[in-house]
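Only the coordinates and a few stated rules stand behind these numbers; no lab work does. All figures in this text were calculated on a predicted structure; none of them were measured in a lab. Cβ placement follows ideal geometry from the backbone for every residue including glycine, while neighbour counts extend to all protein chains displayed.
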Amino acid sequence: MRKGAIFYPGTFDPITYGHVDLIERASRIFDEVIIVVMKNIKKKPLFTLEERLDMLKNTVEKIPNVSLDTHDGLLIDYVKKTGINVVLRGLRVVSDFDYEFQMALANKELCPDIETLFLMTNPKYSFISSSLVKEIAAMGGNLDPWVPDYVKKKLLEKLRKGGKDE
Ligand code: PNS
C-alpha cells in the first residue's frame with residue numbers, strides 16, 4: 001500500500017547510507033518522496049547547495065518515485081507553497097528525540113495541518129551522521145560502510161582543497 005506524497009527535509013551535508021535507508025523505505029510506502037535541501041541555521045555546511053544536490057541526485061536517481069527540491073525559509077512555508085503536508089524525519093538514537101520532538105511540535109503549532117512522520121533508523125546506521133562522516137573523512141578513516149562511492153570521492157576532493165569552494 002502506498003499513499004500520497006511525503007517530503008524529507010534536511011541539510012544532507014553530505015547524504016549518508018542512513019539517509020538512503022530512510023528514503024528507500026519511505027519510497028515503498030508513499031507514491032512520491034521529495035527530498036528537500038534546507039538551511040539549518042545551527043550548521044555551517046561543508047558543501048555548497050549545488051554540491052549537496054549533485055550528491056543526492058547521483059545517489060537517488062535510480063529510485064523512480066524520489067525527486068529533489070530546495071527551499072530557503074521556514075519548513076512550514078514549504079508546506080504552504082506545495083500543499084504537501086507530510087514530513088519525514090529519521091530517529092536514530094534517544095538523543096535525537098528531544099530535538100525532533102521540539103521541531104515537530106513547533107511546526108505543528110505554526111501550521112496545524114502538518115504531520116511529521118518518524119521512521120526508526122536501521123540499527124546498522126543508528127550512530128552515523130553527516131557530521132561523523134565528515135570527521136571520519138578528515139581523519140583518514142574508512143568511509144565505505146557509511147557513504148556511496150560518489151560521495152566518498154566528493155568528500156575526499158573537498159578535504160584535499162581544504163574544505164574551500166573553488
Ligand atoms: O538535516 P538537519 O540539519 O537535521 O535538518 C534540519 C532542518 C533543515 C529540517 C531544520 O533546520 C529546518 O526545518 N530548517 C528550515 C527552517 C525552519 O523551519 N526552522 C524551524 C524548525 S521548527
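Measuring spread by the Cα atoms of the range 32-166 yields a radius of gyration and Dmax of 16.1, 46 Å. Go ahead and estimate [θ] at 222 nm for the chain from helices alone: -39,500 (n - 2.57) per DSSP H run with n ≥ 4, summed, over the residue count, rounded to 500. It comes out at -13000 deg cm²/dmol, rounded to the nearest 500.
If a spin label sat at a point 7 angstrom from the Cα of residue 82 along the line to its beta carbon, the backbone N atoms of the range 37-51 nearer than 15 Å would be those of 37-39. Return the subset of 42/153; 62/152; 62/153; 124/153; 3/43 for which the Cα-Cα distance in this structure is over 28 Å, preserving the input order. Table pairs above 28 Å Cα-Cα are 3/43.
Give me the tail of P(r) for the range 1-102 as a percent: Cα-Cα pairs with distance above 15 Å. Distances greater than 15 Å cover 63 percent of the Cα pairs. Annotation: extensible slack from residue 139 through residue 160 equals 6.3 nm (criterion: 0.36 nm per residue apart, minus Cα-Cα distance).
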